[in-house]
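The structure appears below as structure tokens.
The values are calculated or read from the model by the stated rules, or taken from the named source; none is laboratory data. As the structure is a computational prediction, the values presented were derived from the model and not from experiment. Here Cβ is always computed from backbone atoms with ideal geometry, including for glycine, and neighbour counts include all displayed protein chains. All accessible areas refer to the heavy atoms of the entire protein, side chains included, with ligands and DNA or RNA removed. Shrake-Rupley method; radii C 1.70, N 1.55, O 1.52, S 1.80 Å.
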Amino acid sequence: MAATAPDICLYFQAHQPNRLRAYSFFDIGVSPFYEDDALNGEIVQRVADHCYRPANAMFLELAERHGKKFKMALSISGVLIEQFEHHCPDVLESFVQLHDSGCVELLCETYYHSLCFRSCGREFTRQVKLQAKKIKEVFGAKPKVFRHTELVYFNELAAFVEDLGFKGMLAEGVDRVLHGRSPNHVYRSPNVKKLKTLTRNSTLSDDLGFRFADTAWSEHPLTAEKFAGWLAGERGDVVNLFLDYETIGEHQRAESGIFEFWRHLPEAAIAAGCRFVTPSEAIKRHKVAGEYDCHEITTWADIGKDLSPWKANPMQYEAKKKILDMRHDVKACKDPDFLHQWSKMQTSDHFYFMSTKGGDDGAVHGYFRPYASPYDAYVYFMNALSDLQVRA
């Protein structure tokens with residue numbers, strides 16, 4: 001065990017896209033309704049039953065039990081907040097109660113969970129400000145730390161985020177950028193003056209996100225005490241555990257023991273000498289250990305940790321080009337509802353569903369895809385965009 005156990009920075013991302021209905025060529029010019037509202041409501045209610053409701057109740061209980069000794073961070077996409085408001089307002093209220101406990105820091109992202117920065121900095125700024133406004137309205141909080149969709153990170157983006165007023169940013173701890181260094185430190189992009197970067201410990205995060213319920217895994221079953229020992233034995237200043245919130249109860253079902261694990265982890269980690277910190281506390285407590293010089297675009301997705309899940313085949317390229325080509329016509333309409341509808345089509349999941357990857361990456365894409373094939377995802381998306389274009 002290390003002489004001094006590192007801090008633990010725990011962060012969860014909560015997001016659900018607005019999935020499209022089987023929008024055909026014959027609907028173009030006839031129906032302006034693109035989303036499968038029934039399916040979206042069914043899925044968000046299912047995930048709420050499996051994850052959001054029980055996980056929020058569990059973490060609220062942990063906050064009350066451990067007080068200031070247990071802390072975590074959350075980011076909830078604007079499009080998911082809208083679904084809560086529409087389909088299950090009680091879930092949104094439970095998130096508000098969890099935040100009001102004082103154990104949760106809320107982070108900022110793009111409202112529509114989009115990947116628009118490289119295409120249009122002005123549109124990116126609009127979406128970030130819209131998200132910050134929504135967080136203020138719902139939770140009464142002003143986010144200080146930023147995480148881009150799918151943990152997208154690179155030097156130019158870090159500088160842009162700093163100019164928007166954020167103090168810190170999250171990134172995937174990519175080995176080819178770390179060059180043998182540990183992700184368990186606070187870093188800084190060479191393009192910024194003060195913004196600090198927290199890099200995800202992918203090994204320990206994926207132990208919880210992907211391997212936890214795998215009975216073939218050599219460490220199965222993973223107990224809270226065992227994992228706390230791993231955390232305490234890590235070298236560095238802060239271990240960043242970044243995961244999808246839906247991992248708890250939805251991707252890793254209750255019968256896997258995931259809830260029991262999380263109920264006992266804070267106590268086990270504290271007993272092992274670890275301290276839970278929020279992202280803002282982590283960047284305030286620890287000095288910069290070096291530069292995280294990231295020239296390429298990195299993400300936390302797939303084996304490549306790049307943009308290939310959303311930008312690797314002709315369908316994805318064509319869909320991305322078409323929606324971006326429409327932005328001037330859409331904004332010229334000066335219709336907030338029309339702009340909102342077009343903006344929701346930028347959600348990264350639409351392009352993720354079009355991925356034709358195979359192997360382990362392809363299996364993950366197939367798990368999330370609500371359509372029979374990537375081609376169907378492309379056809380429905382392009383038909384809906386054609387109708388939007390006609391209306392514009």
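The length gained on full extension between Glu296 and Asp90, counted as 0.36 nm times the residue separation minus their Cα-Cα distance, comes to 70.1 nm.
Hand me the chymotrypsin sites (Phe, Trp or Tyr not before Pro) from the stretch 77-120 located in a DSSP loop with no more than 12 other Cβ atoms within 10 Å, in residue order please.
none
A Cα-only calculation for the stretch 177-222 places Rg and Dmax at 15.1, 46 Å. Could you pull the accessible area for His50 with a 1.4 Å probe, rounded to 10 Å²? Counting only protein heavy atoms, the figure is 60 Å². Dipole of the stretch 236-392 computed with +1 at Lys/Arg Cβ and -1 at Asp/Glu Cβ about the Cα centre; of Pro314, Ala392, Tyr375, farthest Cα towards the positive end is Ala392.
For the pair Leu130 and Asn313, label points projected 7 Å from Cα toward Cβ lie 2.8 nm apart. Surface composition of the chain: carbon and sulfur atoms hold 52% of the protein heavy-atom accessible area at a 1.4 Å probe. Using the Cβ-Cβ distance between His179 and Lys142 with R0 set to 30 Å, the FRET efficiency from 1/(1 + (r/R0)^6) comes to roughly 0.30.
A simple spin-label model places pseudo-atoms 7 Å from Cα toward Cβ; at Ala363 and Trp230 they are separated by 1.9 nm. Averaging over all projection directions, the Cα-based convex hull of the stretch 40-189 occupies 10.0 nm² in the image plane. Stokes-Einstein diffusion for the stretch 235-378 at 10 °C, viscosity 1.306 mPa s, with a Kirkwood radius from C-alpha pairs, works out to 83 µm²/s. Projection of the Cα convex hull of the stretch 57-104, averaged over all directions and equal to a quarter of that hull's surface, yields 3.1 nm².
Summarised in one figure, the compactness ratio Rg/Rh of the stretch 172-279, Cα atoms and Kirkwood Rh, is 1.00. For the stretch 117-240, a Kirkwood hydrodynamic radius built from all Cα pairs, placed in the Stokes-Einstein relation at 25 °C and 0.890 mPa s, yields a translational diffusion coefficient of 148 µm²/s. Projecting the Cα atoms of Ala14, Phe70, Pro32 onto the charge dipole of the stretch 1-71, computed from C-beta unit charges around the Cα centre, puts Phe70 farthest toward the positive end. The HN-Hα couplings worked out from phi for the stretch 348-357 by the Karplus form 6.51 cos²θ - 1.76 cosθ + 1.60 (θ = phi - 60°) are 4, 4, 4, 7, 4, 5, 8, 5, 10, 5 Hz, whole numbers, x standing for Gly and Pro. Between amide H atoms placed 1.01 Å from N, distances below 5 Å from Arg200 occur with Ala171, Glu172, Gly173, all of them 5 or more places distant or on a separate chain. Among the trypsin sites (Lys or Arg not before Pro) in the stretch 315-357, those located in a DSSP loop and surrounded by at most 14 other Cβ atoms within 10 Å of their own Cβ are Lys334.
Converting phi to 3J(HN,Hα) with the Karplus coefficients 6.51, -1.76 and 1.60 and the offset θ = phi - 60°, the stretch 178-194 yields 6, 6, x, 7, 7, x, 7, 9, 8, 10, 8, 6, x, 8, 10, 9, 10 Hz in sequence order, with x at every glycine or proline. Mean separation of Cα pairs under 8 Å and 6 or more residues apart, divided by the residue count, gives the chain a relative contact order of 24 percent.
Would you please state the base-10 log of I(q)/I(0) at q = 0.07, 0.08, 0.11, 0.13 1/Å for the chain, with intensities from the Debye formula using one equal scatterer on every alpha carbon? Each listed q maps to, in turn, -0.31, -0.41, -0.79, -1.13.
I'd like the per residue volume of the convex hull spanned by the Cα atoms of the stretch 23-63, given in cubic angstrom.
70
In a DSSP loop and with at most 13 other Cβ atoms within 10 Å, the trypsin sites (Lys or Arg not before Pro) in the stretch 196-273 are Arg235. Solvent exposure of the stretch 256-326, expressed per residue, is 46 Å² of accessible area, with all protein chains present and a 1.4 angstrom probe. Using a probe of 1.4 Å on the protein chains alone, the accessible area found for His328 is around 130 Å².
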